[in-house]
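Remarks on the structure that follows.
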Amino acid sequence: SIVEHAPLSSEFMKNTAGNQEAVTTASMSMSDLPYYFKKMNQMKKKYASDLLIHIGFEVDYLIGYEDFTRDFLNEYGPQTDDGVLSLHFLEGQGGFRSIDFTAEDYNEGIVQFYGGFEQAQLVYLEGVKQSIEADLGAFKPRRIGHISLCQKFQQFFGADGSDFSAEVIAEFEAILALVKKRDYELDFNTAGLFKPLCKETYPPKEIVTLARALEIPFVYGSDSHGVADIGRGYNTYC
């Protein structure tokens with residue numbers, strides 16, 4: 001699956017703060033879409049005898065901008081084979097802030113805004129729950145991406161996955177219950193293993209165990225942002 005980051009709402013982008021590179025590099029632009037589909041369909045045909053290539057998007061769940069996302073999916077969803085729905089931005093200091101750009105940016109814009117790392121975890125997980133329940137139309141992705149992305153910089157804050165509080169575990173359990181209820185699936189994302197302040201999969205093993213008990217399906221994802229990333233962790237974890 002090739003699931004490039006879908007374009008962000010222009011109105012949403014006006015309401016962001018912090019390091020603007022976190023926003024400008026977060027997705028393709030609307031003007032990129034024709035070339036993206038053309039190139040991906042060319043690759044599909046070129047390698048058809050060797051690979052089944054799926055084309056789609058990693059769609060950002062933008063809290064408060066659901067109409068934009070629904071309209072986008074209604075227009076471009078029919079051209080896709082696969083998709084992931086992920087949360088990368090939360091309302092924070094000065095506007096919407098990135099969850100995963102740098103530890104310093106996350107600390108300044110979100111962690112301090114909500115009063116601590118655990119409080120930021122809980123807000124992020126509440127956003128994931130909203131994404132699962134959101135009405136984004138018939139082409140809403142059924143796979144929920146990296147549900148523990150709020151852990152990307154955990155070691156910066158002196159934490160790791162085994163330090164989850166009872167409140168955080170309860171939020172993860174609520175997410176899994178919603179995923180099960182809607183018959184969705186989860187991204188088993190190995191990118192966190194290679195992040196120096198995370199060193200764990202998204203989600204970590206404790207949450208994977210809970211999900212398996214509910215028989216929630218996982219789909220491996222390397223979250224590749226370059227050729228060297230493709231397939232990383234697959235032989236070890238899958």
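The values are calculated or read from the model by the stated rules, or taken from the named source; none is laboratory data. In this text the structure is predicted, and so the values were computed from the model without any measurement. Glycine gets a Cβ as well: all are built from the backbone with ideal geometry, and neighbour counts include every protein chain shown. Side chains included, ligands, DNA and RNA excluded: accessible areas come from the protein's heavy atoms. Shrake-Rupley method; radii C 1.70, N 1.55, O 1.52, S 1.80 Å.
Values computed for the structure shown
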read-out: Qualifying residue in the stretch 184-202 (condition: in contact with a helix residue (DSSP H, G or I) (Cβ under 6 Å, 6 or more places away or on another chain), modelled with pLDDT of 95 or more and among the small types (Gly, Ala, Ser)); value: no
read-out: Qualifying positions in the stretch 129-140 - closer than 16 Å to ILE63 by Cα and touching a residue at least 60 places away in the same chain (Cβ under 8 Å); value: GLN130, SER131, ALA134, ASP135, LEU136, GLY137, LYS140
read-out: Matching residues, the stretch 68-105, being of a type outside the set (D, E, K, R), open to solvent by 40 Å² or more (accessible area, probe 1.4 Å) and within 29 Å of GLY158 (Cα to Cα); value: GLN93, GLY94, PHE101, THR102
read-out: Residue list for the stretch 181-211, filter: open to solvent by 50 Å² or more (accessible area, probe 1.4 Å) and either of a type in the set (S, T, N, Q) or within 23 Å of SER1 (Cα to Cα) (or both); value: ARG182, ASP183, PHE194, LYS195, THR209
read-out: Residue among TYR61, TYR65 that alone is aromatic (Phe, Trp, Tyr) and either surrounded by fewer than 23 Cβ atoms within 10 Å (Cβ to Cβ) or farther than 25 Å from LEU149 by Cα (or both); value: TYR65
read-out: Test result for SER27, crowded, with 17+ Cβ neighbours inside 10 Å and closer than 18 Å to PHE139 by Cα; value: no
read-out: Enumeration of residues in the stretch 1-24 that are surrounded by fewer than 16 Cβ atoms within 10 Å (Cβ to Cβ) and either β-branched (Val, Ile, Thr) or in contact with a Lys or Arg (Cβ under 9 Å, 6 or more places away or on another chain) (or both); value: THR24
read-out: Qualifying position, being over 20 Å from the mean Cα position of the chain (by Cα) and β-branched (Val, Ile, Thr), among ILE63, ILE53; value: ILE53
read-out: Of all residues making up the stretch 158-169, the number that are open to solvent by 50 Å² or more (accessible area, probe 1.4 Å) and not acidic (Asp, Glu); value: 3
read-out: Within the stretch 214-238, tally of residues that are of a type in the set (Phe, Trp, Tyr) and either open to solvent by 100 Å² or more (accessible area, probe 1.4 Å) or farther than 16 Å from VAL84 by Cα (or both); value: 2
read-out: Subset of the stretch 26-52 [in contact with a strand residue (DSSP E or B) (Cβ under 9 Å, 6 or more places away or on another chain) and over 21 Å from GLN79 (Cα atoms)]; value: ALA26
read-out: Any hit, the stretch 146-155, residues being in a strand (DSSP E or B), buried (at least 16 other Cβ atoms within 10 Å of the Cβ) and under 13 Å from the mean Cα position of the chain (by Cα); value: no
